[in-house]
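This report concerns only the one structure given below.
The values are calculated or read from the model by the stated rules, or taken from the named source; none is laboratory data. Every value quoted in this text rests on a predicted model; they were computed, and no experiment measured them. A quick note on method: Cβ atoms are made from the backbone with ideal geometry, for glycine too, and the neighbour counts reach across all protein chains shown. Heads up: the accessible areas ignore ligands, DNA and RNA and are worked out on the full protein's heavy atoms, side chains in. Shrake-Rupley method; radii C 1.70, N 1.55, O 1.52, S 1.80 Å.
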Amino acid sequence: MIRVARGATGFWGYDDAALPQVDVVAFKTACHAVARSIRGTVAEVAPAGATPNFHAALITAPGIRSSVLCHEVLPVVAFAASPPQAGVPLTNFASPQAWADAFERGGFRLLDVDELSTPLATADTSELAEAELEQVRYWRPSTVGELMFNWWD
């Protein structure tokens with residue numbers, strides 16, 4: 001059973017201690033290390049904000065165009081088949097690329113498509129704070145990936 005970590009939604013309650021944020025510089029550094037390893041470039045990095053709750057980077061190289069997502073709170077990285085579109089739930093997750101090990105060396109855990117597409121109903125959400133559970137009830141994500149990488153406000 002997949003356990004969903006506290007902070008996965010990006011929300012916390014008024015009385016909860018703020019969650020630590022992932023170092024966006026570390027994410028950008030890992031993106032550039034990956035790009036160098038495949039003789040590519042980091043075309044853009046869109047930082048997380050009120051929405052979305054994730055940083056997004058586009059890495060390109062000859063024959064490669066890869067969208068990389070980094071959770072704002074949890075040190076995890078996921079890949080998407082195409083760049084995210086504002087407000088549209090993410091459902092097009094892809095398996096980590098063979099060259100993605102630089103993210104792991106940078107302290108990030110790579111999320112596999114199987115984990116991200118796990119139905120939320122079968123996941124262990126017991127670590128989520130009450131404020132997060134309220135958001136889950138409101139937005140009704142169907143998968144772990146939709147919960148973790150979201151545009152909720």
Which one of these is within 17 Å of the chain's Cα centre (by Cα) and either of a type in the set (G, A, S) or over 22 Å from A18 (Cα atoms) (or both): F108, F103? F103
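Residue-by-condition table, conditions (1) more than 19 Å from R105 (Cα to Cα); (2) at pLDDT below 95:
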position	(1), (2)
Q21	no, yes
E44	yes, yes
F54	yes, no
T60	yes, yes
R65	yes, yes
P75	no, no
P84	yes, yes
Could you run through the range 55-75 and say how many residues are out of contact with any helix residue (DSSP H, G or I) (no Cβ under 8 Å at 6 or more places or on another chain) and hydrophobic (A, V, I, L, M, F, W, C)? 5
Please go through the range 122-138 and give me each residue that is touching a Ser or Thr at 6+ places or on another chain (Cβ under 9 Å), in contact (Cβ under 8 Å) with a residue 12 or more places away in the chain and outside any loop (DSSP other than H, G, I, E, B), ordered by number. A131, E132, Q135, V136
Checking the structure you have, find out if any residue of the range 20-28 is open to solvent by 50 Å² or more (accessible area, probe 1.4 Å), in a loop (DSSP other than H, G, I, E, B) and in contact (Cβ under 8 Å) with a residue 12 or more places away in the chain. yes
